[in-house]
1. Criterion first (in the same structural domain as A:Lys101 (by TED's automatic domain parsing), open to solvent by 50 Å² or more (accessible area, probe 1.4 Å) and assigned to a loop (DSSP other than H, G, I, E, B)) does A:Glu137 satisfy it?
2. I need a count of the residues in the range A:3-22 that are among the hydrophobic types (A, V, I, L, M, F, W, C) and loosely packed, with under 12 Cβ neighbours inside 10 Å.
3. Can B:Phe126 be described as in a loop (DSSP other than H, G, I, E, B) and either modelled with pLDDT of 95 or more or within 17 Å of the chain's Cα centre (by Cα) (or both)?
4. Quick one: which residue in A:Ile146, A:Ile131 is surrounded by 19 or more Cβ atoms within 10 Å (Cβ to Cβ) and either touching a residue at least 24 places away in the same chain (Cβ under 8 Å) or among the charged types (D, E, K, R) (or both)?
5. What is the residue count in the range A:149-193 for residues that are open to solvent by 40 Å² or more (accessible area, probe 1.4 Å), farther than 25 Å from B:Asn57 by Cβ and in contact (Cβ under 8 Å) with a residue 12 or more places away in the chain?
6. Could you grab me the full set of residues in the range B:94-134 that are within 13 Å of another protein chain (Cβ to nearest Cβ), among the β-branched types (Val, Ile, Thr) and open to solvent by less than 40 Å² (accessible area, probe 1.4 Å)?
7. In the range B:79-89, is there at least one residue being within 21 Å of A:Leu8 (Cβ to Cβ) and open to solvent by 50 Å² or more (accessible area, probe 1.4 Å)?
8. Inspect the range B:58-76 for any residue being within 18 Å of A:Met13 (Cβ to Cβ), within 17 Å of the chain's Cα centre (by Cα) and part of a helix (DSSP H, G or I) and give the result as yes or no.
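The values are calculated or read from the model by the stated rules, or taken from the named source; none is laboratory data. Just so you know, these numbers come straight off a predicted model, no measurement behind them. Glycine gets a Cβ as well: all are built from the backbone with ideal geometry, and neighbour counts include every protein chain shown. Ligands, DNA and RNA are excluded from the accessible area calculation, which covers all protein heavy atoms including side chains. Shrake-Rupley method; radii C 1.70, N 1.55, O 1.52, S 1.80 Å.
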Amino acid sequence: MTKITPLLREIFMILLLSVFLALVYNAFSSRGISLIRKEILKIAAPDSVLFSRSSLDDSTHGVKVIAPLHERALRNQDSMAKLYPTIHESDFKIISLVQLKKLLGEKRGVMLDARSAGEYKQGHIKGASNIPALDVEKYFDKLVTIPRDTLVIIYCNNPECDLGQMLADFLKVMEFKHLLIYDDGWDGWTQAKMPIDTTSINY
Amino acid sequence: MDTGKNADRYNFDKLLVDMKNILSSKYILLLSRLILGMVFIAASVEKIVLPEIFAINVQAYQILPLSFVNLVALIIPWMELLCGVFLVSGTFVRSSSFLLSVLLSLFIIMLVSAIMRGLIIDCGCFGASNDSKVGWLRVIEDIGLLLLGVHIISFTQHDSIRLISD
């Protein structure tokens, strides 16, 4: 049995070299990521902000949605940030299916599907254009034609899918002012048995 | 008569010796090195170029504390690349195969853990574009690669710069 120590030293050197190369490459890469991953706090958009009249007074159901917790969270944003230093706020607000349906009914805003082209073709929410978050730079020319104060509604597959957040980050850098994410995404939409569209929209 | 039993034992021992000879053959070792090395080089490239995607994949396993996900997602692909290159070139062969075997063992544990918890997530094995879902097939693939790694460690006499070591 050959000696172990030179092997251990080799193993350690390879590990060290890997760490070094990883940190250096990441520092210089345009797609670098931060070393400590932070949690993004998802804040829901209250109806009072979305809709000029008071919220979801649906005459057939008579249900009024009040969201005091959301309002309070919005008011206490700064104090929450101090409590949880590892969390930073998102550039977007979360909307529910009910809010999304209402926005669609009022034909407000631009809807973007952040998933890949293949997933979009298999089915998407009617009226949504495909801006794959993974190749978002290629769609810069299309995005630039949208006025920055338009309401933008983004969705991905489900709350765990980060593509929506990635797209929102990119749009934030482009100075889009109103970014909403339908967090339940395509899974939520299909689970609610909403219509599936397979035509595509091009700018 | 004992000749029957003795003959069987002789054949069995011969079989073991034959297997050992095949496994220590420098050409078979080269094959293992090339397969293991090239698989890991190919697997590492996209993860290095698109670290955010790989970080998302790592996070989806929900095993590491969130803060460490990015560091792990940054370092592992470079380990894969370096060890893959070393294996193919024939340098630091035992150290590289040891590290890759450790990585593979960790991957197998992560995969099984995810399957047990019923997570339906992307494996994160090869990066974003041609990824596959977590499942027992991934586990079997990794066990196969792990066997290659163990083979290399067990039967490599010493490392040398040449492609086929003496």
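1. Details: in the same structural domain as A:Lys101 (by TED's automatic domain parsing): yes; open to solvent by 50 Å² or more (accessible area, probe 1.4 Å): yes; assigned to a loop (DSSP other than H, G, I, E, B): no.
Considered against the rule, which asks whether it is in the same structural domain as A:Lys101 (by TED's automatic domain parsing), open to solvent by 50 Å² or more (accessible area, probe 1.4 Å) and assigned to a loop (DSSP other than H, G, I, E, B), A:Glu137 comes out as no.
2. Narrowing the range A:3-22 to residues among the hydrophobic types (A, V, I, L, M, F, W, C): A:4, A:7-8, A:11-17, A:19-22.
Applying the additional criterion that residues be loosely packed, with under 12 Cβ neighbours inside 10 Å yields A:4, A:12, A:16.
Number satisfying all stated conditions: 3.
3. Values: in a loop (DSSP other than H, G, I, E, B): yes; either modelled with pLDDT of 95 or more or within 17 Å of the chain's Cα centre (by Cα) (or both): yes.
For B:Phe126, the condition - in a loop (DSSP other than H, G, I, E, B) and either modelled with pLDDT of 95 or more or within 17 Å of the chain's Cα centre (by Cα) (or both) - is met.
4. Values: A:Ile146 fails: surrounded by 19 or more Cβ atoms within 10 Å (Cβ to Cβ).
Of A:Ile146, A:Ile131, the one residue that is surrounded by 19 or more Cβ atoms within 10 Å (Cβ to Cβ) and either touching a residue at least 24 places away in the same chain (Cβ under 8 Å) or among the charged types (D, E, K, R) (or both) is A:Ile131.
5. Counting residues in the range A:149-193 that are open to solvent by 40 Å² or more (accessible area, probe 1.4 Å), farther than 25 Å from B:Asn57 by Cβ and in contact (Cβ under 8 Å) with a residue 12 or more places away in the chain gives 5.
6. B:Ile121
7. yes
8. Initially, the range B:58-76 is screened for residues within 18 Å of A:Met13 (Cβ to Cβ), giving B:75-76.
In the following step, the residues that additionally are within 17 Å of the chain's Cα centre (by Cα) were identified as B:75-76.
Now drop any that are not part of a helix (DSSP H, G or I), which leaves B:75-76.
Checking the range B:58-76: at least one residue is within 18 Å of A:Met13 (Cβ to Cβ), within 17 Å of the chain's Cα centre (by Cα) and part of a helix (DSSP H, G or I).
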